[in-house]
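Heads up, the thing below is written out as C-alpha coordinates.
The values are calculated or read from the model by the stated rules, or taken from the named source; none is laboratory data. None of these values were measured; they are calculated from a predicted model. So basically every Cβ, Gly included, is an ideal-geometry build from the backbone, and we count neighbours across all protein chains shown.
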(Lines give C-alpha, C1' and ligand atoms only; values in the text may rest on other atoms or scores of the structure.)
Protein backbone atom coordinates (compact mmCIF):
# COMPACT_ATOMS: atom_id res chain seq x y z
CA UNK A 1 0.00 0.00 0.00
CA UNK A 2 2.74 2.41 1.04
CA UNK A 3 4.75 1.44 -2.05
CA UNK A 4 1.79 2.26 -4.32
CA UNK A 5 1.29 5.63 -2.63
CA UNK A 6 5.00 6.43 -3.02
CA UNK A 7 4.94 5.54 -6.72
CA UNK A 8 1.84 7.68 -7.21
CA UNK A 9 3.45 10.61 -5.39
CA UNK A 10 6.62 10.32 -7.47
CA UNK A 11 4.56 10.16 -10.65
CA UNK A 12 2.71 13.33 -9.66
CA UNK A 13 6.04 15.01 -8.84
CA UNK A 14 7.53 14.03 -12.20
CA UNK A 15 4.46 15.26 -14.05
CA UNK A 16 4.46 18.46 -12.00
CA UNK A 17 8.14 19.02 -12.73
CA UNK A 18 7.50 18.44 -16.40
CA UNK A 19 4.60 20.90 -16.43
CA UNK A 20 6.69 23.48 -14.54
CA UNK A 21 9.61 22.97 -16.93
CA UNK A 22 7.31 23.31 -19.93
CA UNK A 23 5.83 26.53 -18.52
CA UNK A 24 9.32 27.90 -17.86
CA UNK A 25 10.36 27.10 -21.43
CA UNK A 26 7.20 28.72 -22.76
CA UNK A 27 7.87 31.86 -20.74
CA UNK A 28 11.52 31.93 -21.84
CA UNK A 29 10.53 31.47 -25.49
CA UNK A 30 7.97 34.26 -25.19
CA UNK A 31 10.55 36.60 -23.64
CA UNK A 32 12.98 35.80 -26.46
CA UNK A 33 10.32 36.48 -29.08
CA UNK A 34 9.47 39.80 -27.41
CA UNK A 35 13.14 40.79 -27.18
CA UNK A 36 13.81 39.85 -30.80
CA UNK A 37 10.76 41.82 -31.94
CA UNK A 38 11.96 44.84 -29.94
CA UNK A 39 15.41 44.62 -31.54
CA UNK A 40 13.88 44.23 -35.00
CA UNK A 41 11.80 47.37 -34.49
CA UNK A 42 14.81 49.36 -33.26
CA UNK A 43 16.90 48.17 -36.23
CA UNK A 44 14.29 49.11 -38.82
CA UNK A 45 13.77 52.45 -37.04
CA UNK A 46 17.54 53.07 -37.24
CA UNK A 47 17.57 52.26 -40.96
CA UNK A 48 14.63 54.62 -41.53
CA UNK A 49 16.30 57.43 -39.56
CA UNK A 50 19.54 57.02 -41.57
CA UNK A 51 17.43 57.37 -44.73
CA UNK A 52 15.92 60.56 -43.32
CA UNK A 53 19.33 62.00 -42.39
CA UNK A 54 20.63 61.45 -45.92
CA UNK A 55 17.45 62.92 -47.42
CA UNK A 56 17.47 66.06 -45.25
CA UNK A 57 21.21 66.66 -45.77
CA UNK A 58 20.69 66.33 -49.53
CA UNK A 59 17.89 68.89 -49.47
CA UNK A 60 19.95 71.46 -47.56
CA UNK A 61 22.51 71.51 -50.39
CA UNK A 62 19.86 72.90 -52.75
CA UNK A 63 18.34 75.45 -50.35
CA UNK A 64 19.19 79.13 -50.29
CA UNK A 65 16.86 80.81 -47.76
CA UNK A 66 16.67 80.80 -43.97
CA UNK A 67 12.97 79.95 -44.14
CA UNK A 68 13.87 76.60 -45.72
CA UNK A 69 17.31 75.94 -44.21
CA UNK A 70 16.48 76.51 -40.54
CA UNK A 71 13.70 73.89 -40.24
CA UNK A 72 15.60 71.45 -42.48
CA UNK A 73 18.75 71.65 -40.33
CA UNK A 74 16.58 71.34 -37.22
CA UNK A 75 15.15 68.16 -38.75
CA UNK A 76 18.68 66.78 -39.23
CA UNK A 77 19.35 67.38 -35.51
CA UNK A 78 16.03 65.80 -34.55
CA UNK A 79 16.48 62.70 -36.68
CA UNK A 80 20.10 62.10 -35.61
CA UNK A 81 18.88 62.13 -32.00
CA UNK A 82 16.32 59.46 -32.90
CA UNK A 83 19.00 57.44 -34.74
CA UNK A 84 21.28 57.56 -31.68
CA UNK A 85 18.40 56.32 -29.54
CA UNK A 86 17.59 53.44 -31.92
CA UNK A 87 21.28 52.41 -32.06
CA UNK A 88 21.41 52.38 -28.25
CA UNK A 89 18.47 49.94 -28.16
CA UNK A 90 20.24 47.33 -30.30
CA UNK A 91 22.16 44.40 -28.71
CA UNK A 92 25.56 45.53 -30.04
CA UNK A 93 27.03 46.47 -26.66
CA UNK A 94 29.87 43.97 -27.06
CA UNK A 95 30.97 45.71 -30.27
CA UNK A 96 32.87 48.98 -30.31
CA UNK A 97 30.34 51.36 -31.89
CA UNK A 98 31.89 54.51 -30.40
CA UNK A 99 32.86 55.97 -33.77
CA UNK A 100 29.35 55.58 -35.18
CA UNK A 101 27.78 57.04 -32.03
CA UNK A 102 30.17 60.01 -32.04
CA UNK A 103 29.63 60.56 -35.76
CA UNK A 104 25.85 60.76 -35.30
CA UNK A 105 26.29 63.09 -32.33
CA UNK A 106 28.57 65.41 -34.31
CA UNK A 107 26.14 65.59 -37.25
CA UNK A 108 23.35 66.53 -34.85
CA UNK A 109 25.52 69.04 -33.01
CA UNK A 110 26.63 70.73 -36.25
CA UNK A 111 23.03 70.88 -37.52
CA UNK A 112 21.74 72.25 -34.19
CA UNK A 113 24.41 74.96 -33.89
CA UNK A 114 23.76 76.06 -37.47
CA UNK A 115 19.95 75.98 -37.26
CA UNK A 116 19.68 78.23 -34.18
CA UNK A 117 21.68 81.12 -35.63
CA UNK A 118 20.26 83.83 -37.89
CA UNK A 119 21.15 82.53 -41.34
CA UNK A 120 19.99 85.76 -42.96
CA UNK A 121 22.59 87.68 -40.99
CA UNK A 122 25.17 84.86 -40.90
CA UNK A 123 24.60 82.70 -44.00
CA UNK A 124 26.33 79.38 -44.45
CA UNK A 125 29.99 79.81 -45.34
CA UNK A 126 31.73 77.98 -48.18
CA UNK A 127 33.36 75.71 -45.59
CA UNK A 128 29.98 74.89 -44.05
CA UNK A 129 28.55 74.03 -47.49
CA UNK A 130 31.57 71.80 -48.02
CA UNK A 131 30.85 70.19 -44.64
CA UNK A 132 27.22 69.55 -45.60
CA UNK A 133 28.36 68.04 -48.90
CA UNK A 134 30.79 65.71 -47.10
CA UNK A 135 28.16 64.72 -44.56
CA UNK A 136 25.69 63.97 -47.35
CA UNK A 137 28.19 61.71 -49.14
CA UNK A 138 29.07 59.93 -45.90
CA UNK A 139 25.42 59.55 -44.90
CA UNK A 140 24.80 57.97 -48.32
CA UNK A 141 27.58 55.47 -47.60
CA UNK A 142 26.09 54.61 -44.19
CA UNK A 143 22.63 54.30 -45.74
CA UNK A 144 23.92 51.84 -48.34
CA UNK A 145 25.60 49.77 -45.62
CA UNK A 146 22.42 49.77 -43.51
CA UNK A 147 20.34 48.69 -46.51
CA UNK A 148 22.65 45.71 -47.08
CA UNK A 149 22.33 44.77 -43.43
CA UNK A 150 18.55 45.14 -43.61
CA UNK A 151 18.45 42.81 -46.62
CA UNK A 152 20.49 40.25 -44.66
CA UNK A 153 18.11 40.46 -41.71
CA UNK A 154 15.04 40.06 -43.90
CA UNK A 155 16.42 37.08 -45.87
CA UNK A 156 16.34 34.55 -43.05
CA UNK A 157 15.45 33.71 -39.49
CA UNK A 158 18.32 35.66 -38.00
CA UNK A 159 17.79 36.01 -34.25
CA UNK A 160 19.12 39.11 -32.50
CA UNK A 161 19.73 37.25 -29.25
CA UNK A 162 21.94 34.78 -31.11
CA UNK A 163 23.88 37.75 -32.49
CA UNK A 164 24.48 38.94 -28.95
CA UNK A 165 25.85 35.52 -27.95
CA UNK A 166 28.12 35.52 -30.99
CA UNK A 167 29.60 38.88 -30.00
CA UNK A 168 30.55 37.56 -26.57
CA UNK A 169 31.98 34.23 -27.68
CA UNK A 170 33.61 34.72 -31.10
CA UNK A 171 34.66 37.18 -33.73
CA UNK A 172 31.48 38.17 -35.63
CA UNK A 173 31.16 36.34 -38.95
CA UNK A 174 31.11 38.49 -42.08
CA UNK A 175 27.57 37.40 -42.92
CA UNK A 176 26.11 38.10 -39.47
CA UNK A 177 24.34 41.25 -38.30
CA UNK A 178 27.15 41.79 -35.79
CA UNK A 179 29.66 41.52 -38.64
CA UNK A 180 27.75 44.12 -40.64
CA UNK A 181 27.74 46.55 -37.71
CA UNK A 182 31.45 46.00 -37.14
CA UNK A 183 32.13 46.88 -40.80
CA UNK A 184 29.84 49.91 -40.49
CA UNK A 185 31.85 51.24 -37.56
CA UNK A 186 35.12 50.64 -39.43
CA UNK A 187 33.79 52.51 -42.47
CA UNK A 188 32.95 55.48 -40.23
CA UNK A 189 36.53 55.37 -38.92
CA UNK A 190 37.71 55.64 -42.52
CA UNK A 191 35.73 58.78 -43.33
CA UNK A 192 37.89 61.79 -44.22
CA UNK A 193 38.10 64.41 -41.48
CA UNK A 194 35.15 66.80 -41.63
CA UNK A 195 35.47 70.54 -41.03
CA UNK A 196 32.69 70.77 -38.45
CA UNK A 197 32.71 74.54 -37.97
CA UNK A 198 33.33 73.77 -34.32
CA UNK A 199 36.49 71.70 -33.77
CA UNK A 200 36.35 68.19 -32.39
CA UNK A 201 37.68 69.51 -29.09
CA UNK A 202 34.94 72.15 -28.94
CA UNK A 203 32.29 69.46 -29.39
CA UNK A 204 33.89 67.30 -26.71
CA UNK A 205 34.10 70.30 -24.40
CA UNK A 206 30.34 70.82 -24.74
CA UNK A 207 29.84 67.27 -23.52
CA UNK A 208 32.55 67.67 -20.89
CA UNK A 209 31.12 70.95 -19.60
CA UNK A 210 27.72 69.34 -19.19
CA UNK A 211 29.30 66.36 -17.43
CA UNK A 212 31.13 68.72 -15.07
CA UNK A 213 28.01 70.80 -14.40
CA UNK A 214 25.97 67.71 -13.47
CA UNK A 215 28.70 65.86 -11.52
CA UNK A 216 27.97 65.34 -7.84
CA UNK A 217 24.23 65.91 -8.09
CA UNK A 218 21.93 63.27 -6.67
CA UNK A 219 21.34 60.39 -9.07
CA UNK A 220 17.81 59.38 -9.99
CA UNK A 221 16.46 55.97 -10.95
CA UNK A 222 14.64 55.15 -14.16
CA UNK A 223 11.31 55.18 -12.32
CA UNK A 224 12.05 58.64 -10.93
CA UNK A 225 13.05 59.82 -14.42
CA UNK A 226 9.73 58.58 -15.81
CA UNK A 227 7.78 60.47 -13.15
CA UNK A 228 9.74 63.69 -13.68
CA UNK A 229 9.16 63.48 -17.42
CA UNK A 230 5.40 63.11 -16.92
CA UNK A 231 5.40 66.05 -14.49
CA UNK A 232 7.28 68.27 -16.96
CA UNK A 233 4.88 67.44 -19.77
CA UNK A 234 1.75 67.48 -17.57
CA UNK A 235 0.81 63.94 -18.61
CA UNK A 236 -1.17 61.50 -16.48
CA UNK A 237 0.15 58.58 -14.41
CA UNK A 238 -1.10 55.98 -16.90
CA UNK A 239 0.89 57.43 -19.80
CA UNK A 240 3.17 54.92 -21.54
CA UNK A 241 6.90 55.66 -21.08
CA UNK A 242 9.78 53.63 -22.52
CA UNK A 243 13.21 54.33 -21.03
CA UNK A 244 16.77 53.25 -21.83
CA UNK A 245 20.34 54.37 -21.24
CA UNK A 246 21.63 57.02 -23.65
CA UNK A 247 24.41 56.23 -26.17
CA UNK A 248 28.01 55.95 -24.95
CA UNK A 249 28.98 58.91 -27.17
CA UNK A 250 27.65 61.16 -24.39
CA UNK A 251 30.24 61.75 -21.67
CA UNK A 252 27.55 62.30 -19.03
CA UNK A 253 25.11 59.56 -17.90
CA UNK A 254 21.58 60.12 -19.16
CA UNK A 255 18.30 58.33 -19.81
CA UNK A 256 16.52 58.37 -23.17
CA UNK A 257 12.74 58.37 -22.86
CA UNK A 258 9.98 57.78 -25.41
CA UNK A 259 6.74 59.19 -24.00
CA UNK A 260 3.26 58.66 -25.38
CA UNK A 261 1.07 61.72 -25.93
CA UNK A 262 -2.60 60.75 -25.52
CA UNK A 263 -3.73 63.93 -27.32
CA UNK A 264 -1.60 63.38 -30.45
CA UNK A 265 -0.36 60.44 -32.50
CA UNK A 266 3.31 61.50 -32.16
CA UNK A 267 5.43 60.70 -29.10
CA UNK A 268 7.84 62.85 -27.11
CA UNK A 269 11.56 62.02 -27.20
CA UNK A 270 13.56 63.21 -24.19
CA UNK A 271 17.06 62.94 -22.75
CA UNK A 272 17.21 63.35 -18.95
CA UNK A 273 20.40 63.45 -16.88
CA UNK A 274 20.95 60.67 -14.37
CA UNK A 275 22.68 63.15 -12.05
CA UNK A 276 20.22 65.82 -11.02
CA UNK A 277 17.31 64.45 -13.05
CA UNK A 278 17.31 67.43 -15.44
CA UNK A 279 15.73 67.31 -18.91
CA UNK A 280 18.57 68.14 -21.30
CA UNK A 281 16.29 68.29 -24.32
CA UNK A 282 12.99 66.96 -25.57
CA UNK A 283 10.93 67.28 -28.72
CA UNK A 284 7.72 66.11 -30.32
CA UNK A 285 7.69 65.62 -34.08
CA UNK A 286 4.12 66.09 -35.28
CA UNK A 287 2.05 67.96 -37.82
CA UNK A 288 1.19 71.44 -36.51
CA UNK A 289 -2.30 72.54 -37.53
CA UNK A 290 -3.53 76.08 -38.17
CA UNK A 291 -2.57 78.55 -35.44
CA UNK A 292 -5.22 79.13 -32.78
CA UNK A 293 -3.13 81.11 -30.28
CA UNK A 294 -0.92 84.18 -30.72
CA UNK A 295 2.84 84.39 -30.22
CA UNK A 296 2.23 86.35 -26.99
CA UNK A 297 0.05 83.53 -25.68
CA UNK A 298 2.80 81.07 -26.63
CA UNK A 299 5.25 83.11 -24.53
CA UNK A 300 2.92 82.79 -21.53
CA UNK A 301 2.68 79.01 -22.08
CA UNK A 302 6.49 78.76 -22.18
CA UNK A 303 6.90 80.88 -19.04
CA UNK A 304 4.42 78.69 -17.17
CA UNK A 305 6.34 75.62 -18.35
CA UNK A 306 9.63 77.04 -17.01
CA UNK A 307 8.09 77.96 -13.66
CA UNK A 308 6.56 74.49 -13.35
CA UNK A 309 10.03 73.02 -13.90
CA UNK A 310 11.62 75.23 -11.24
CA UNK A 311 13.43 77.46 -13.77
CA UNK A 312 13.00 80.81 -12.06
CA UNK A 313 14.44 84.16 -13.11
CA UNK A 314 14.27 83.39 -16.84
CA UNK A 315 13.35 86.29 -19.12
CA UNK A 316 12.24 86.23 -22.77
CA UNK A 317 15.02 87.71 -24.92
CA UNK A 318 13.93 86.71 -28.42
CA UNK A 319 10.80 85.39 -30.08
CA UNK A 320 9.88 84.58 -33.65
CA UNK A 321 7.39 82.46 -35.55
CA UNK A 322 8.06 79.83 -38.20
CA UNK A 323 4.89 78.57 -39.85
CA UNK A 324 2.68 77.66 -36.86
CA UNK A 325 5.43 77.31 -34.26
CA UNK A 326 6.63 79.95 -31.80
CA UNK A 327 10.42 79.81 -31.32
CA UNK A 328 11.45 81.41 -28.03
CA UNK A 329 14.74 82.07 -26.25
CA UNK A 330 14.87 82.74 -22.51
CA UNK A 331 17.94 83.90 -20.56
CA UNK A 332 18.59 84.00 -16.82
CA UNK A 333 18.60 87.48 -15.25
CA UNK A 334 20.73 88.30 -12.20
CA UNK A 335 20.46 91.73 -10.58
CA UNK A 336 18.99 93.14 -13.78
CA UNK A 337 21.79 91.71 -15.97
CA UNK A 338 20.87 89.25 -18.73
CA UNK A 339 23.14 86.18 -18.68
CA UNK A 340 22.90 85.02 -22.30
CA UNK A 341 24.99 81.81 -21.98
CA UNK A 342 22.52 80.70 -19.25
CA UNK A 343 19.64 80.18 -21.67
CA UNK A 344 16.96 77.77 -22.85
CA UNK A 345 15.29 77.38 -26.24
CA UNK A 346 11.60 76.51 -26.37
CA UNK A 347 9.21 75.85 -29.24
CA UNK A 348 5.45 76.13 -28.72
CA UNK A 349 2.86 74.72 -31.13
CA UNK A 350 0.42 77.50 -31.97
CA UNK A 351 -2.42 75.07 -32.69
CA UNK A 352 -2.86 73.90 -29.08
CA UNK A 353 -0.20 75.74 -27.02
CA UNK A 354 1.84 72.62 -26.19
CA UNK A 355 5.59 72.93 -25.65
CA UNK A 356 6.95 70.67 -28.42
CA UNK A 357 10.68 71.33 -28.09
CA UNK A 358 13.05 72.27 -25.28
CA UNK A 359 16.85 72.56 -25.18
CA UNK A 360 18.32 73.32 -21.76
CA UNK A 361 22.04 72.65 -22.23
CA UNK A 362 23.03 76.31 -21.90
CA UNK A 363 21.16 76.68 -18.61
CA UNK A 364 22.59 73.46 -17.18
CA UNK A 365 26.17 74.34 -18.11
CA UNK A 366 26.26 78.04 -17.27
CA UNK A 367 23.76 78.58 -14.45
CA UNK A 368 25.19 80.18 -11.30
CA UNK A 369 23.18 81.66 -8.45
CA UNK A 370 25.90 84.14 -7.44
CA UNK A 371 27.83 84.96 -10.60
CA UNK A 372 30.43 87.70 -10.04
CA UNK A 373 29.44 90.64 -12.27
CA UNK A 374 31.80 93.66 -12.38
CA UNK A 375 30.79 97.30 -12.30
CA UNK A 376 30.72 98.87 -15.79
CA UNK A 377 33.60 101.26 -16.50
CA UNK A 378 31.57 103.10 -19.14
CA UNK A 379 28.28 104.86 -18.56
CA UNK A 380 25.31 103.91 -20.71
CA UNK A 381 25.69 107.19 -22.62
CA UNK A 382 29.39 106.56 -23.30
CA UNK A 383 28.62 103.05 -24.56
CA UNK A 384 25.75 104.27 -26.73
CA UNK A 385 28.10 106.77 -28.37
CA UNK A 386 30.03 103.76 -29.75
CA UNK A 387 26.96 102.61 -31.73
CA UNK A 388 26.62 103.53 -35.42
CA UNK A 389 24.95 106.95 -35.55
CA UNK A 390 22.50 105.77 -38.23
CA UNK A 391 20.95 103.26 -35.82
CA UNK A 392 18.12 104.65 -33.67
CA UNK A 393 18.29 103.13 -30.17
CA UNK A 394 14.98 101.83 -28.82
CA UNK A 395 16.00 99.79 -25.77
CA UNK A 396 19.06 98.93 -23.68
CA UNK A 397 20.18 96.39 -21.08
CA UNK A 398 23.27 95.21 -19.26
CA UNK A 399 24.21 91.67 -20.26
CA UNK A 400 26.82 88.92 -20.22
CA UNK A 401 27.51 87.26 -23.58
CA UNK A 402 30.06 84.82 -24.99
CA UNK A 403 32.48 86.12 -27.61
CA UNK A 404 33.81 84.19 -30.60
CA UNK A 405 36.27 82.22 -28.44
CA UNK A 406 33.63 81.33 -25.83
CA UNK A 407 34.83 83.83 -23.21
CA UNK A 408 32.20 85.61 -21.15
CA UNK A 409 32.09 89.37 -21.75
CA UNK A 410 30.20 92.05 -19.77
CA UNK A 411 28.39 94.35 -22.20
CA UNK A 412 25.76 96.98 -22.81
CA UNK A 413 23.08 95.57 -25.10
CA UNK A 414 21.34 98.05 -27.40
CA UNK A 415 18.30 97.34 -29.54
CA UNK A 416 18.11 99.75 -32.46
CA UNK A 417 16.42 100.23 -35.82
CA UNK A 418 17.61 101.36 -39.21
CA UNK A 419 15.02 101.57 -41.98
CA UNK A 420 12.94 98.37 -41.61
CA UNK A 421 15.59 96.33 -39.82
CA UNK A 422 16.08 95.80 -36.08
CA UNK A 423 19.55 95.20 -34.65
CA UNK A 424 21.01 94.02 -31.37
CA UNK A 425 24.39 95.61 -30.69
CA UNK A 426 26.73 94.62 -27.86
CA UNK A 427 29.29 97.14 -26.57
CA UNK A 428 31.91 95.99 -24.04
CA UNK A 429 31.01 97.69 -20.72
CA UNK A 430 34.68 97.69 -19.63
CA UNK A 431 36.55 98.67 -22.82
CA UNK A 432 33.98 100.22 -25.15
CA UNK A 433 34.78 97.73 -27.94
CA UNK A 434 31.96 96.65 -30.26
CA UNK A 435 31.73 92.93 -29.46
CA UNK A 436 28.92 91.76 -31.73
CA UNK A 437 26.11 92.99 -33.99
CA UNK A 438 23.04 90.87 -34.77
CA UNK A 439 20.12 91.53 -37.08
CA UNK A 440 16.96 90.34 -35.38
CA UNK A 441 14.86 87.65 -37.02
CA UNK A 442 11.43 88.45 -38.37
CA UNK A 443 8.49 86.11 -38.03
CA UNK A 444 7.99 84.17 -41.24
CA UNK A 445 4.79 85.00 -43.13
CA UNK A 446 2.22 82.28 -43.70
CA UNK A 447 1.45 81.30 -47.28
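A quick yes/no check of all residues on (1) at pLDDT 90 or above; (2) under 16 Å from the mean Cα position of the chain (by Cα):
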| site | (1), (2) |
| --- | --- |
| 186 | no, no |
| 196 | no, no |
| 203 | no, yes |
| 235 | no, no |
| 243 | yes, yes |
| 252 | no, yes |
| 267 | no, yes |
| 279 | yes, yes |
| 283 | no, yes |
Exercise. Only one of (1) free of Cβ contacts under 8 Å to residues at least 40 places away in the same chain; (2) exposed (fewer than 14 other Cβ atoms within 10 Å of the Cβ); (3) over 16 Å from residue 367 (Cβ atoms) fails for residue 312. Which number is that?
Worked result: (3)
Exercise. Within the bounds of the stretch 283-297, is there any residue that is touching a strand residue (DSSP E or B) at 6+ places or on another chain (Cβ under 6 Å) and part of a strand (DSSP E or B)?
Worked result: yes
For this session: State whether one or more residues within the stretch 230-237 are farther than 24 Å from residue 79 by Cα, in contact with a helix residue (DSSP H, G or I) (Cβ under 9 Å, 6 or more places away or on another chain), in a strand (DSSP E or B) and touching a residue at least 60 places away in the same chain (Cβ under 8 Å).
Result: no
For this session: Just name the residue that is farthest from residue 415 (Cα to Cα) out of those in the stretch 340-349 that are touching a helix residue (DSSP H, G or I) at 6+ places or on another chain (Cβ under 7 Å) and surrounded by 19 or more Cβ atoms within 10 Å (Cβ to Cβ).
Result: 348
For this session: Give the residue, chosen from 109, 55, 45, that is more than 29 Å from residue 341 (Cβ to Cβ) and modelled with pLDDT under 85.
Result: 45
Problem set entry | Breaking point among (1) touching a strand residue (DSSP E or B) at 6+ places or on another chain (Cβ under 9 Å); (2) modelled with pLDDT of 75 or more, for residue 67 | (2)
Problem set entry | Condition met for residue 301 (at pLDDT 90 or above, assigned by TED's automatic domain parsing to the domain that holds residue 348, assigned to a helix (DSSP H, G or I) and buried (at least 16 other Cβ atoms within 10 Å of the Cβ)) | yes
